[in-house]
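Student: Below you'll find the structure I mean.
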Amino acid sequence: MDKPTVICLTPIKNEAWILDRFIQCASLWADHIILLDQMSTDGSPDIAKRYPKVTLLHNPSPIFNEPQRQKMLLEAARRIPGPRLLIALDADEALTANFVTSPEWQTVLTAPVGSVISFKWVNFISDLEHYWTSPYDYAFGFMDDGSDHIGSLIHSSRIPIPARAPTYILNDVKAIHYQFADWDRQESKTRWYQCWERINQSQRRTVEVYRQYHRPHIVSDEQIHPIPDRWLQGYYEHGIDMTSIRRIGRPWWDWQVLDLIDKYGAAHFRRENIWWVDWAAVYRERYGKEPANSMCDPRSYFDKLIHYWLQKTQPYCHKLLIRILDQILKLFGW
């Protein structure tokens, strides 16, 4: 097989905080970087236009729909002729810099058509000197054979995964993840996820949703390790800053949550763990006036007690007794 064209596929929405770094890193291994911007308001498109390898597309949809955006990205990539290696990363991710010297990367470049390439996620924490590793492998790469992409509305696969596709799990080259390096941004995203679940997957139990989205809260000291030099050194040699975080005001997910509370009413989200934020103050911050609808904490004393229970037991949520007690909460609508 001829050497494939390496194409990076990335959806973006208000990623100015990290987009320069992402594009600079991806430009070292990708022949093309296709960015699909969904109505950013922070200047992300202007940043993207500065880089010659970037093709900037626009997603005008006002709703969150992962299969739709992945279809748009795939269609754009498949307009590039010849063999294609697709690598689907988010803007807060990067390959470890040792891809340059790792035999694994050469294996990826020569993988058979239809192969799926999975990476291990290494999550950088706020000091940007340490990380923890997710326990799963993530299918971010695909040696394109034209297969259809079938995804779910949220937390979808990013690439086609054909049945019985050969799969390569990389252990040396990893996917760096910066999501947890800015904890305020991470918490804002967690609040939005919980509200999205309430509206779009209301059949899911609140306890189940809480446990899922608060997993990063229970990473133990034993799971935290120093970041190896080989993951970043190649980027430093190209003058890329890998250890700073740019904070740009309030994370946009808080504006999204604010609009949902305004639309559906505070009581609709009384079981979601979002009420340690003063949403009336956020409304005043955004609009410069008092909200027309109440945005006060709608929880009862019992609701607050359950949130306290969930917080305190999160480190032990896999223990049998906690799981049994979580099931008992189902009787109370949780």
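Read-outs: derived from the displayed coordinates by stated rules, not from any lab. Worth saying up front: this structure is predicted, and the values here are computed from it rather than measured. Glycine also receives a Cβ, built like all others from the backbone with ideal geometry; neighbour counts cover every protein chain displayed.
Student: Fully extended, how many nm does the chain gain between E222 and S147 (0.36 nm per residue separation, minus their Cα-Cα distance)? Walk me through the intermediate numbers first.
Tutor: Working: separation 75, 0.36 × 75 = 27.00 nm, distance 4.11 nm.
Value of the extension gain: 22.9 nm.
Student: Search the structure for amide H atoms under 5 Å from the amide H of V122, placed 1.01 Å from N in the peptide plane, and list their residues when 5 or more places away or on another chain.
Tutor: Long-range HN contacts for V122: A175, I176, H177.
Student: With the cut-off at 24 Å, tell me which of the pairs K13/K49; K13/K53; K3/K174; K189/K312; K174/K312 have Cα atoms farther apart than that. Present the calculation step by step, with values, prior to reporting the outcome.
Tutor: Details: K13/K49 15 Å; K13/K53 19 Å; K3/K174 22 Å; K189/K312 21 Å; K174/K312 33 Å.
Listed pairs above 24 Å: K174/K312.
Student: Moving on to the next point. Give me S220, S156 sorted ascending by neighbouring Cβ count inside 10 Å, so fewest comes first.
Tutor: Working: S220 8, S156 15.
Fewest to most other Cβ atoms nearby, the residues stand as S220, S156.
Student: Tell me the label-point distance for the pair T41, Q233, using the 7 Å Cα-to-Cβ offset, in nm and rounded to one decimal.
Tutor: 4.5 nm
Student: Which whole-Hz couplings ³J(HN,Hα) result when phi for each residue of the stretch 205-219 is put into the Karplus expression 6.51 cos²θ - 1.76 cosθ + 1.60, θ = phi - 60°, listed in order with x for Gly and Pro?
Tutor: Once θ is set to phi - 60°, the couplings for the stretch 205-219 become 5, 4, 4, 4, 5, 4, 4, 5, 8, 10, 4, x, 6, 10, 5 Hz.
Student: Name the residues of the stretch 227-251 whose amide N is less than 20 Å from a point 7 angstrom out from the Cα of D184 along the C-beta direction?
Tutor: Counting backbone N atoms under 20 Å from the label point, the list is 243-251.
Student: Sticking with this structure for a sec: Per-residue HN-Hα couplings for the stretch 98-107, Karplus 6.51 cos²θ - 1.76 cosθ + 1.60 at θ = phi - 60°, whole Hz, x for Gly and Pro?
Tutor: Per-residue couplings from phi come out as 6, 4, 4, 9, 6, x, 4, 5, 5, 4 Hz.
Student: Going by a ≥ b ≥ c, the root eigenvalues of the Cα gyration tensor, does the stretch 52-183 fall in the rounded group (a/c under 1.5), the prolate group (a/b larger than b/c) or the oblate group? Write down the numbers at each step before the final one.
Tutor: On the way: a/c = 1.62, a/b = 1.15, b/c = 1.41.
Oblate.
Student: Taking H placed 1.01 Å from N in the peptide plane, check which residues at least 5 places from L89 or on another chain put their amide H under 5 Å from its amide H.
Tutor: Result for L89 returns L9.
Student: Using each residue's phi in the stretch 138-147, evaluate 6.51 cos²θ - 1.76 cosθ + 1.60 at θ = phi - 60° and report the 3J(HN,Hα) Karplus result to the nearest Hz, with x for Gly and Pro.
Tutor: 10, 7, 10, x, 8, 7, 4, 10, x, 4
Student: Still on this model: Between the helical axis of 183-200 and the dominant principal axis of the chain, each derived from Cα atoms, what acute angle in degrees is found, rounded to the nearest 10?
Tutor: 70 degrees
Student: Roughly what angle does helix 252-264 make with the longest principal axis of the chain, taking Cα atoms, 0 to 90 degrees, to the nearest 10?
Tutor: 40 degrees
Student: Next question. In nm, to one decimal, how far is the modelled label at D2 from the one at K289, with both set 7 Å along Cα→Cβ?
Tutor: Label-label distance for D2 and K289, simple model: 6.1 nm.
Student: Treat each spin label as a single point 7 Å out from the Cα along the C-beta direction, and report the I248 to Y301 distance in nm.
Tutor: Each label point is offset 7 Å from its Cα along the Cβ direction, giving 4.6 nm.
Student: With everything on Cα atoms, drop me the angle between helix 66-77 and the longest principal axis of the chain, reported from 0 to 90° to the nearest 10.
Tutor: It is inclined by approximately 20 degrees.
Student: Using a simple charge model, +1 on the beta-carbon of Lys and Arg, -1 on the beta-carbon of Asp and Glu, nothing else, what dipole does the chain show about its Cα centre, in debye to the nearest 20? Don't skip to the end; give the middle numbers.
Tutor: On the way: 39 positive and 40 negative charges, 197 e Å.
Value, rounded to 20: 940 debye.
Student: Also: Just subtract the alpha-carbon distance of T107 and S126 from 0.36 nm times their residue separation and send over the number in nm, one decimal.
Tutor: Values: separation 19, 0.36 × 19 = 6.84 nm, distance 3.29 nm.
Between T107 and S126, full extension yields 3.5 nm more.
Student: Also, I was wondering about something else. Output the peptides 144-154, 324-334, 10-20 sorted from most to least packed, where packing is the average of other Cβ atoms within 10 Å over each peptide's residues. Working shown, then result.
Tutor: Numbers: 144-154: 14.3, 324-334: 12.3, 10-20: 22.2.
Descending mean neighbour count gives 10-20, 144-154, 324-334.
Student: Top mean-square fluctuation among K289, K174, K49, Gaussian network model of the chain, C-alpha springs under 10 Å?
Tutor: Between K289, K174, K49, it is K289 that shows the largest mean-square fluctuation.
Student: Going by Cα centres, the stretch 41-109 and the stretch 284-334 are how many Å apart?
Tutor: Measuring centre to centre over Cα atoms gives 37 Å.
Student: I've got another one for you. Using unit Cβ charges (K, R positive; D, E negative) and no other charged atoms, how large, in debye to the nearest 20, is the dipole of the stretch 5-179 about its Cα centre? Could you put the intermediate results ahead of the total?
Tutor: Details: 14 positive and 19 negative charges, 90 e Å.
Result for the stretch 5-179 is approximately 440 debye, rounded to the nearest 20.
Student: A further question on this structure: Which far-off residues, 5 or more places away or on another chain, put their amide H under 5 Å from the one on T167, with H placed in the peptide plane?
Tutor: Those qualifying (amide H under 5 Å, at least 5 residues apart or on another chain) are V116.
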